[in-house]
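Peer 1: Quick one: the structure is below, and I'll ask about it shortly.
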Amino acid sequence: MASQFVRENHLGSPADTKSLISQLTGLIRPQANGRLAGLLAAFCFAGFIMAGCVDDVPELVSDDPVLQQGRDIYVARCVSCHGATGAGGLGTKLNDGEVTKKYPDIDDQIDVVTNGKNQMAAFKDSLTESEIEAVVRYTREGL
Ligand code: HEC
């Protein structure tokens, strides 16, 4: 349900996707090896949609490995509800300093992700403490 939400919001109907793919392949086909390149483009494009537009998740400016791990977890576990940029969707807005304002103490935010809150599931059974801390730091420092 959640991934469907992201997909529909991003591209509209499957017909849109089809015409986009044919536009893309049409652009590439005239080149040498055109058919192969066209196929490849369609394939990558489909992969991009399946990934829930993960390409939009902000890249890190810092090379802190913990933040990089946090970004990977955000991509895998949080994008579907909170959006690629953290602007919100099913879940609340997390970006633009929203979480540091709401949770000046990082431990309170870690508590929400660990134990859940209303519609938001608890992650204590599926992520370790250090993974939760990493993804929380990413939402505070990377979004
Ligand atoms: C199934 C959808 C869903 C997923 C997946 C999800 N969240 Fe949430 N999240 C929500 C909803 C809905 C809320 C709002 C809860 C409320 O306040 O009632 C929320 C709230 C939050 C809050 C509190 C925000 C606030 O304004 O108080 C944080 C922090 C948060 N989520 C982080 C995460 C992180 C980190 C992940 C990934 C590990 C994640 N969420 C995955 C749906 C989700």
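Rule-based calculations on the coordinates, nothing more; no lab input. Model, not experiment: these values are computed from the prediction. We place every Cβ from the backbone using ideal geometry, glycine too, and count neighbours over all the protein chains shown.
Peer 1: Starting from residues that are within 9 Å of the ligand (Cβ to nearest atom), aliphatic (A, V, I, L, M) and surrounded by fewer than 17 Cβ atoms within 10 Å (Cβ to Cβ), keep the ones in segment 52-108 and report whichever is farthest from the chain's Cα centre (by Cα).
Peer 2: By that ranking, first place goes to Leu90.
Peer 1: Ok, one more. Tell me, please, whether a residue that is under 17 Å from Val57 (Cβ atoms) and within 8 Å of the ligand (Cβ to nearest atom) can be found in segment 114-131. Working first, answer last.
Peer 2: So the first thing to find is which residues in segment 114-131 are under 17 Å from Val57 (Cβ atoms), and the list is 131.
If we keep only those that are within 8 Å of the ligand (Cβ to nearest atom) as well, we get none.
Checked against the condition, which is being under 17 Å from Val57 (Cβ atoms) and within 8 Å of the ligand (Cβ to nearest atom), segment 114-131 yields no hits at all.
Peer 1: Take the residues in segment 124-139 that are crowded, with 20+ Cβ neighbours inside 10 Å and of a type outside the set (Val, Ile, Thr), then tell me which one is nearest to the chain's Cα centre (by Cα).
Peer 2: Within segment 124-139, the first condition is being crowded, with 20+ Cβ neighbours inside 10 Å, and the residues that meet it are 132-136, 138-139.
Okay, now just the ones that are also of a type outside the set (Val, Ile, Thr), so 133-134, 138.
Details: Glu133: 18, Ala134: 16, Tyr138: 12 Å.
Here the answer is Tyr138.
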